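Participant: The structure is given below, and queries will be raised subsequently.
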Amino acid sequence: MVGVLVLVASIVLGHIDIGGADIGGPHADAGLPWLSAPALAAAVGVFGVVGWPLSAGTSVPLAAVVIVAAASGIVAYGVLMLVLRAMRRSQTGTVAGLRAAIGTIGELSMEIPAGGWGQVRYLDSESVRAVTNAVLVDPGASARPGESVLIVDVDGDRLVVQPLNTQD
(Lines give C-alpha, C1' and ligand atoms only; values in the text may rest on other atoms or scores of the structure.)
Protein backbone atom coordinates (compact mmCIF):
# COMPACT_ATOMS: atom_id res chain seq x y z
CA MET A 1 0.00 0.00 0.00
CA VAL A 2 2.82 2.41 0.87
CA GLY A 3 4.47 1.65 -2.49
CA VAL A 4 1.30 2.57 -4.36
CA LEU A 5 1.00 5.81 -2.35
CA VAL A 6 4.63 6.77 -3.12
CA LEU A 7 4.09 6.02 -6.82
CA VAL A 8 0.84 8.02 -7.01
CA ALA A 9 2.40 10.92 -5.09
CA SER A 10 5.41 10.97 -7.43
CA ILE A 11 3.13 11.05 -10.47
CA VAL A 12 0.83 13.76 -9.07
CA LEU A 13 3.47 15.93 -7.42
CA GLY A 14 6.26 15.29 -9.91
CA HIS A 15 8.76 14.75 -7.13
CA ILE A 16 8.99 14.03 -3.43
CA ASP A 17 11.39 15.72 -1.01
CA ILE A 18 12.39 13.33 1.77
CA GLY A 19 14.99 14.72 4.15
CA GLY A 20 16.45 17.02 1.50
CA ALA A 21 16.67 14.27 -1.14
CA ASP A 22 14.67 15.20 -4.24
CA ILE A 23 13.13 11.89 -5.32
CA GLY A 24 11.87 11.79 -8.87
CA GLY A 25 12.40 15.50 -9.52
CA PRO A 26 14.36 17.10 -12.32
CA HIS A 27 17.55 17.15 -10.24
CA ALA A 28 17.10 13.75 -8.60
CA ASP A 29 20.15 12.30 -10.31
CA ALA A 30 22.43 15.11 -9.19
CA GLY A 31 23.35 13.67 -5.82
CA LEU A 32 21.52 10.39 -5.40
CA PRO A 33 21.36 8.54 -8.73
CA TRP A 34 20.24 5.36 -6.99
CA LEU A 35 17.10 7.04 -5.57
CA SER A 36 13.97 6.86 -7.71
CA ALA A 37 10.32 7.17 -6.65
CA PRO A 38 9.02 4.59 -9.16
CA ALA A 39 11.74 2.12 -8.14
CA LEU A 40 11.07 2.71 -4.43
CA ALA A 41 7.35 2.23 -5.03
CA ALA A 42 8.05 -1.02 -6.90
CA ALA A 43 10.31 -2.28 -4.10
CA VAL A 44 7.76 -1.54 -1.40
CA GLY A 45 4.96 -2.98 -3.55
CA VAL A 46 6.84 -6.21 -4.24
CA PHE A 47 7.69 -6.47 -0.52
CA GLY A 48 3.96 -6.37 0.24
CA VAL A 49 2.90 -8.61 -2.63
CA VAL A 50 5.37 -11.30 -1.59
CA GLY A 51 5.18 -10.82 2.17
CA TRP A 52 1.43 -10.69 2.71
CA PRO A 53 0.52 -14.05 1.10
CA LEU A 54 3.47 -15.76 2.81
CA SER A 55 2.47 -14.45 6.23
CA ALA A 56 -1.27 -14.99 5.78
CA GLY A 57 -1.37 -18.24 3.83
CA THR A 58 1.55 -20.27 5.16
CA SER A 59 3.14 -21.31 8.42
CA VAL A 60 6.52 -19.81 7.46
CA PRO A 61 8.11 -18.03 10.45
CA LEU A 62 7.75 -14.23 10.41
CA ALA A 63 11.52 -13.67 10.24
CA ALA A 64 11.75 -15.81 7.08
CA VAL A 65 8.78 -13.97 5.54
CA VAL A 66 10.45 -10.60 6.16
CA ILE A 67 13.76 -11.82 4.71
CA VAL A 68 12.15 -13.28 1.58
CA ALA A 69 9.91 -10.24 1.06
CA ALA A 70 12.80 -7.80 1.60
CA ALA A 71 15.03 -9.72 -0.80
CA SER A 72 12.26 -9.70 -3.39
CA GLY A 73 11.79 -5.96 -2.95
CA ILE A 74 15.53 -5.34 -3.32
CA VAL A 75 15.69 -7.44 -6.49
CA ALA A 76 12.68 -5.59 -7.93
CA TYR A 77 14.31 -2.25 -7.08
CA GLY A 78 17.57 -3.27 -8.78
CA VAL A 79 15.84 -4.54 -11.91
CA LEU A 80 13.73 -1.41 -12.23
CA MET A 81 16.75 0.86 -11.71
CA LEU A 82 18.55 -0.99 -14.52
CA VAL A 83 15.51 -0.52 -16.77
CA LEU A 84 15.23 3.18 -15.85
CA ARG A 85 18.96 3.70 -16.50
CA ALA A 86 18.66 2.00 -19.90
CA MET A 87 15.66 4.17 -20.77
CA ARG A 88 17.53 7.32 -19.71
CA ARG A 89 20.52 6.35 -21.87
CA SER A 90 18.33 5.65 -24.88
CA GLN A 91 16.78 9.10 -24.52
CA THR A 92 20.15 10.86 -24.49
CA GLY A 93 21.56 8.82 -27.33
CA THR A 94 23.88 5.89 -27.46
CA VAL A 95 27.46 6.07 -28.65
CA ALA A 96 26.48 4.04 -31.72
CA GLY A 97 23.64 6.51 -32.38
CA LEU A 98 25.99 9.43 -31.91
CA ARG A 99 28.54 7.86 -34.29
CA ALA A 100 25.87 7.94 -37.00
CA ALA A 101 25.91 11.75 -36.72
CA ILE A 102 29.56 12.01 -37.80
CA GLY A 103 29.79 13.97 -41.04
CA THR A 104 26.54 15.86 -40.54
CA ILE A 105 26.19 19.58 -40.04
CA GLY A 106 24.62 20.98 -36.90
CA GLU A 107 24.10 24.31 -35.22
CA LEU A 108 25.30 25.28 -31.76
CA SER A 109 22.37 25.86 -29.45
CA MET A 110 24.64 26.72 -26.54
CA GLU A 111 28.03 28.46 -26.46
CA ILE A 112 31.13 26.30 -26.21
CA PRO A 113 33.72 28.18 -24.13
CA ALA A 114 37.46 27.51 -24.49
CA GLY A 115 38.19 24.17 -22.83
CA GLY A 116 34.50 23.59 -22.08
CA TRP A 117 31.44 22.06 -23.66
CA GLY A 118 28.15 23.27 -25.08
CA GLN A 119 25.28 21.82 -27.06
CA VAL A 120 24.75 21.15 -30.74
CA ARG A 121 21.39 20.75 -32.50
CA TYR A 122 21.31 18.42 -35.53
CA LEU A 123 19.16 15.92 -37.39
CA ASP A 124 19.96 12.35 -36.34
CA SER A 125 20.13 9.33 -38.64
CA GLU A 126 16.32 9.01 -38.53
CA SER A 127 15.83 12.71 -39.39
CA VAL A 128 14.73 13.51 -35.85
CA ARG A 129 15.93 16.78 -34.33
CA ALA A 130 18.41 16.02 -31.54
CA VAL A 131 20.34 18.14 -29.07
CA THR A 132 23.52 16.67 -27.62
CA ASN A 133 26.49 17.92 -25.60
CA ALA A 134 29.47 18.84 -27.74
CA VAL A 135 33.13 19.84 -27.47
CA LEU A 136 35.31 21.57 -30.05
CA VAL A 137 38.12 19.84 -31.95
CA ASP A 138 40.41 22.64 -30.75
CA PRO A 139 39.97 22.76 -26.94
CA GLY A 140 41.54 26.24 -26.86
CA ALA A 141 38.91 27.72 -29.17
CA SER A 142 35.39 28.89 -28.39
CA ALA A 143 32.20 29.05 -30.45
CA ARG A 144 28.99 31.09 -30.21
CA PRO A 145 25.38 29.88 -30.33
CA GLY A 146 23.99 29.78 -33.85
CA GLU A 147 27.30 28.84 -35.48
CA SER A 148 27.18 26.01 -37.98
CA VAL A 149 29.45 23.11 -37.10
CA LEU A 150 30.56 19.85 -38.68
CA ILE A 151 30.28 16.82 -36.41
CA VAL A 152 33.65 15.09 -36.77
CA ASP A 153 33.88 12.54 -33.93
CA VAL A 154 32.41 11.20 -30.69
CA ASP A 155 34.16 11.53 -27.33
CA GLY A 156 32.32 9.46 -24.73
CA ASP A 157 28.75 10.78 -24.72
CA ARG A 158 29.68 14.07 -26.42
CA LEU A 159 30.00 15.00 -30.05
CA VAL A 160 33.24 16.58 -31.25
CA VAL A 161 32.52 19.47 -33.61
CA GLN A 162 34.44 21.82 -35.90
CA PRO A 163 33.01 25.27 -36.67
CA LEU A 164 32.42 25.68 -40.40
CA ASN A 165 33.35 29.35 -40.49
CA THR A 166 36.91 28.88 -39.20
CA GLN A 167 39.61 30.80 -40.98
CA ASP A 168 43.03 29.16 -41.18
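Participant: With the crude spin-label approximation of a point 7 Å out along Cα→Cβ, what separation in nm comes out for T104 versus L164?
Facilitator: With each label point 7 Å from Cα toward Cβ, the separation is 1.4 nm.
Participant: If I take R0 = 41 Å and measure r between the Cβ atoms of S59 and L84 in this structure, what FRET efficiency does the formula 1/(1 + (r/R0)^6) give, to the nearest 0.05? List each step's numbers first, then the result.
Facilitator: Values: r = 37 Å, r/R0 = 0.91.
It comes to 0.65.
Participant: Here's another thing I want to ask about it. How much length is gained on full extension from S127 to A70, taking 0.36 nm per residue of separation minus their Cα-Cα distance? List each step's numbers first, then the result.
Facilitator: On the way: separation 57, 0.36 × 57 = 20.52 nm, distance 4.59 nm.
Result: 15.9 nm gained on full extension.
Participant: While we're on this one: Express the carbon and sulfur contribution to the solvent-accessible surface of segment 114-168 as a percent, rounded to the nearest whole number, probe 1.4 angstrom.
Facilitator: Numbers: 1460 of 3340 Å².
Reported share for carbon and sulfur atoms: 44 percent.
Participant: Full extension from D155 to E111: what is 0.36 nm times the residue separation minus their Cα-Cα distance, to one decimal in nm? Walk me through the numbers before you get to the answer.
Facilitator: Numbers: separation 44, 0.36 × 44 = 15.84 nm, distance 1.80 nm.
Additional length available on full extension: 14.0 nm.
Participant: Below 9 angstrom from the Cβ of R121, what's the summed charge of the other residues (Lys, Arg +1; Asp, Glu -1)? Mind dumping the intermediate values first?
Facilitator: Details: positive: R129; negative: E107.
Once all neighbours under 9 Å are counted, the net charge is 0.
Participant: Something else: Around A143, under 11 Å between beta carbons, what's the net of Lys plus Arg minus Asp minus Glu among the other residues? Intermediate results must be reported in sequence, preceding the final value.
Facilitator: Numbers: positive: R144; negative: E107, E111, D138, E147.
Cβ neighbours under 11 Å give a net charge of -3.
Participant: How much net charge surrounds P163 when only the other residues with a Cβ under 11 Å from the Cβ of P163 are counted, with Lys and Arg +1 and Asp and Glu -1? Present the calculation step by step, with values, prior to reporting the outcome.
Facilitator: Details: positive: R144; negative: E107, D138, E147.
Every neighbour counted, the sum reads -2.
The values are calculated or read from the model by the stated rules, or taken from the named source; none is laboratory data. Keep in mind that this is a model prediction, so the values were computed, not measured. Quick reminder, even Gly has a Cβ in these numbers, built from the backbone with ideal geometry, and neighbours come from all protein chains shown. SASA here: full protein model, heavy atoms, side chains in, ligands and nucleic acids out. Shrake-Rupley method; radii C 1.70, N 1.55, O 1.52, S 1.80 Å.
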